[in-house]
Amino acid sequence: MSYMAFHWGLYEVENAMTDGVTVRPFHRDPAPSPIGLYAADPALSRARIRRPAVRRGWLEAKRGGRDDGFRGQDAFVEVEWDEALDLAASELDRVRGSFGNEAIFGGSYGWSSAGRFHHAQSQVHRFLNTIGGYVRHMDSYSLGAARALMPYLVAPMDRLMSEHTDWATMAAHTRLFLTFGGVPAKNAQISAGGTSAHRVPGGLRRMAEAGVRFVNVSPVRSDLDTGADFEWWPIRPNTDTALILGMCHTLLAENLYDRDFLKRYCVGFEVFRDYLDGTRDGEAKTADWAATITGLPAEEIRQLARDLYATRSMINMAWSLQRAHHGEQPFWALIALASMVGQIGLPGGGFGVCYGAENLMGSPHRRIKGPTLAQGDNPVGGFIPVARIADMLLHPGETFSYRGEDHSYPDIRLIYWAGGNPFHHHQDLNRLMRAWQKPETIIVNEIYWTPLAKAADIVFPATSPMERDDIFHATREPCVAAMKRAQPVYGEARDDYAIFSALAKRLGVADAFCEGRSASQWLRHLYENWRQQLIDDDIELPDFDTFWETGIIEFPQTGEPVVMLAGFRDDPQANALETPSGRIEIFSQRIAGYGYADCPGHPCWLPPQEYLGSPVAERYPLHLITDQPATRLHSQLDHSPNSLDSKISGREPIWIHPDDAAERGIVDASVVRVFNDRGSCLAGAVVTDAIRRGVAKLSTGAWFDPTKWSADGSLEKHGNPNVLTIDLPASAFSQGCSAQSCLVQIEAFLAPKPGLSAHLPPRGIENFTEPQ
Ligand SMILES: Nc1nc2c(c(=O)[nH]1)N[C@H]1C(S)=C(S)[C@@H](COP(=O)(O)OP(=O)(O)OC[C@H]3O[C@@H](n4cnc5c(=O)[nH]c(N)nc54)[C@H](O)[C@@H]3O)O[C@H]1N2
Ligand SMILES: Nc1nc2c(c(=O)[nH]1)N[C@H]1C(S)=C(S)[C@@H](COP(=O)(O)OP(=O)(O)OC[C@H]3O[C@@H](n4cnc5c(=O)[nH]c(N)nc54)[C@H](O)[C@@H]3O)O[C@H]1N2
Ligand SMILES: [Mo]
């Protein structure tokens, strides 16, 4: 028996390197994710990239002809490794020679795979740094607004995430758990780098058994499951800020707030107060005011505010709330409310951002830094906030703002992508498809024929995690494990490391990139270096050979409870925050000084461009939530049985309320068309009262499958919601992703259903068949 880790968990492998290989849950995981059980399923290999391939039009142009292909629509030609590597190396060299490394985009945003060494994004960044640098991305799609904002208010997101109060402490102390967007166990299947124990289902159950009261404010009821009854507040999407302001106003008006906490630990409450009570703009943000915006009853809003103050309360907020237009505001409002309640730093009190978004939050284990592959220095200064990729490609030279400064978009000639999928993650895919035609060359390392691979010029087949050795380690996990190769390499695939080593050799930088080590020598090197570093923290690990032989090594634990920001509460001088004032900033002088109309210096209600209260709702009356999929990680393994089994006539399920369905003549399990001015897609209807009326939910991750890749766009056949979402910055401050601010219409789809080609290779590649 050996181990294999994915972002969705640690697993045990039997009969590795034989046809009888099987993957089963790690025996100590109390709630293993089914996603990983299909890791060795033959269904996965059908979408594999077998050999290096080059887009036909691009190759013809290189040979002196004309490129008349459209990226994504064009056919591919399989070539020998040496030819593909020569083509890629000479393109990299030509572009950096003619335009400088500022013309290479190596953002490569994406989740890639677990494992400390074969992490494609780290590999590509290290490689591009050794050849002179690249334009990089900042922040994430996950937390565009929050990553930019939270360091000004409390602390960087990474610190907050790894400091969340543990589940047992909450069961013992919390009396009221108020959550915005549930605590979705479906999302907590995942933790960056993997996990050896899924703690969320058990954590919630133990809290419910201890008598904790749960209130779930969410358009979707089922994103919380405590094993017991809970209160569901079906809020209008994107209006949570108004609800929180209504509660803050109640606390202020009824004098139920912690003045001492605000004085000792916070700055700027007075400025916020003048906004709350209407001194500044003539409008008091009362519970009645909040009720009209949110669609929730005013008296219940008032009562909930009183209850938060009267008892030990934890207030949690899903990341989805900030993945929206003006997404800074709900997070800022949360901090203001939790500060008025005054329980930050107490066991079981304060706020969470977010229990459930990943398994990490609520772990009781020690934080132990992990082994890392150094990425080197990037001599190129240019960057973009991650979600501005289409803007960058469409508007080189134009100015964008970010955290108080102006920058300009670089002129990108070459994109190198490894370990992500922009045709999964980006909004308004028809717009991205047009922008994607601009660069001269796009190189991609991929395991599967994803839409990104189909829209590249040079495609290198990468190995899957099952085909290589690596090391499992993740934040606040209690162990480190040897991930041992479990399957032979498919076709001619190579490790990303081997691909970059071969390119580095052609570009004369093999010594700098490889440092003379093979992949297995790197594993030993990373581990041994790390082992030395841990000695300073009084952690003793065995040598590499013993570790590899043993397979799993436990870290010693202190057994101390984890309480977020307890140190700051105990001594706000000695443990001052990294904010400009060292305290929690309810008003930020610095952000106010930036002068952004869409992100002023304190939390406030700014209606999103698209939500149920906006004029667009007259034409597109349904708010579309595009949440994380339960059956996979983003687009990864969309072709696995675990994901395919959830589909309806092969399309991604869309949730719709029975009244909304009846009005449109839509019946359960039928195919529907979802559309707005940006695009349209097919999906399979799930008629359910677990969703608020006026709201629909279509999870992300169905592989982008347009009827035709073209500049005009076309019907997407498979249910990829990003043909509908808006490519609009959350604000001029963060430039974050606003995917959750999206209105649509839905109708029954009565025409013959078009055949699916999502999981097939492109034309020109063996296995390709015309969709029926
Ligand atoms: N509408 C909408 N859109 C969203 C979101 C939303 O809520 N709504 N959420 C956003 C969020 S939070 C995120 S994080 C993004 C996620 O977007 P991505 O992280 O880009 O999505 P993934 O599907 O995980 O893409 C990872 C890719 O890496 C490949 N890969 C895995 N391992 C390896 C490897 O070893 N080598 C190589 N070369 N490739 C590998 C996989 O095959 C896969 O294609 O999506 C964002 N998009
Ligand atoms: N299985 C699985 N798990 C994952 C991922 C995955 O792809 N698959 N992706 C991982 C990644 S990269 C990330 S960033 C996290 C993301 O974590 P989140 O961004 O928190 O996840 P979502 O599923 O988009 O949204 C969580 C819940 O918020 C609710 N919600 C949506 N809009 C609103 C609103 O306006 N108000 C309120 N009150 N609630 C709202 C939705 O009903 C949804 O159930 O998940 C991680 N976990
Ligand atoms: Mo994410």
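Each value in this text was obtained by applying a stated rule to the coordinates, not by laboratory testing. A quick note: this is a predicted structure, and the numbers were derived from the prediction, not measured. Counting neighbours? That spans all protein chains shown, and the Cβs are built from the backbone with ideal geometry, glycine included.
In this Cβ point-charge picture (+1 for Lys and Arg, -1 for Asp and Glu), the stretch 96-161 has a dipole of about 140 debye about its Cα centre.
Its relative contact order, with pairs defined as Cα atoms under 8 Å and 6+ residues apart, puts the stretch 87-194 at 23 percent. What share of the DSSP beta bridges in the stretch 643-763 is antiparallel, in percent to the nearest 5? If we restrict to bridges inside the stretch 643-763, about 75 percent are antiparallel.
Neighbour counts of C-beta atoms inside 10 Å place ASP86, ASP705 in the sequence ASP86, ASP705, starting with the fewest.
Here the stretch 461-604 is assigned +1 on the Cβ of each Lys and Arg and -1 on the Cβ of each Asp and Glu. Its dipole about the Cα centre then comes out at about 600 debye. Output the relative contact order of the stretch 615-748, whole-number percent, from Cα pairs under 8 angstrom with separation of 6+ residues. Rounded, it is 33 percent for the stretch 615-748.
The radius of gyration of the Cα set in the stretch 615-748, together with its Dmax, comes out at 14.4, 43 angstrom.
Think of each Lys and Arg Cβ as +1 and each Asp and Glu Cβ as -1; about the Cα centre, that makes the dipole of the chain roughly 520 debye. Give the percent of DSSP beta bridges with both residues in the chain that are antiparallel, rounded to the nearest 5. Of all bridge pairs located within the chain, approximately 50 percent are antiparallel. Put in order of Cβ neighbour count within 10 Å, fewest first, the listed residues SER112, SER98 become SER98, SER112. The P(r) of the chain has a tail past 33 Å containing 52 percent of all C-alpha pairs.
When each of the peptides 715-725, 346-356 is scored by the mean number of other C-beta atoms lying within 10 Å of its residues, the order from highest to lowest reads 715-725, 346-356.
Cross-linked pairs LYS697/LYS753; LYS438/LYS717; LYS454/LYS505; LYS454/LYS697; LYS263/LYS285; LYS484/LYS697: Cα-Cα separations exceed 29 Å for LYS484/LYS697. Sorting ASP511, ASP274, ASP29 by the number of Cβ atoms found within 10 Å of their own Cβ, with the fewest placed first, yields ASP511, ASP274, ASP29. Dividing the summed helix terms, -39500 (n - 2.57) for each DSSP H run of n ≥ 4, by the number of residues in the chain produces a 222 nm estimate of -8000 deg cm²/dmol to the nearest 500. Considering only alpha-carbon pairs that sit under 8 angstrom and 6 or more positions apart, the relative contact order computed for the stretch 168-253 is 33 percent.
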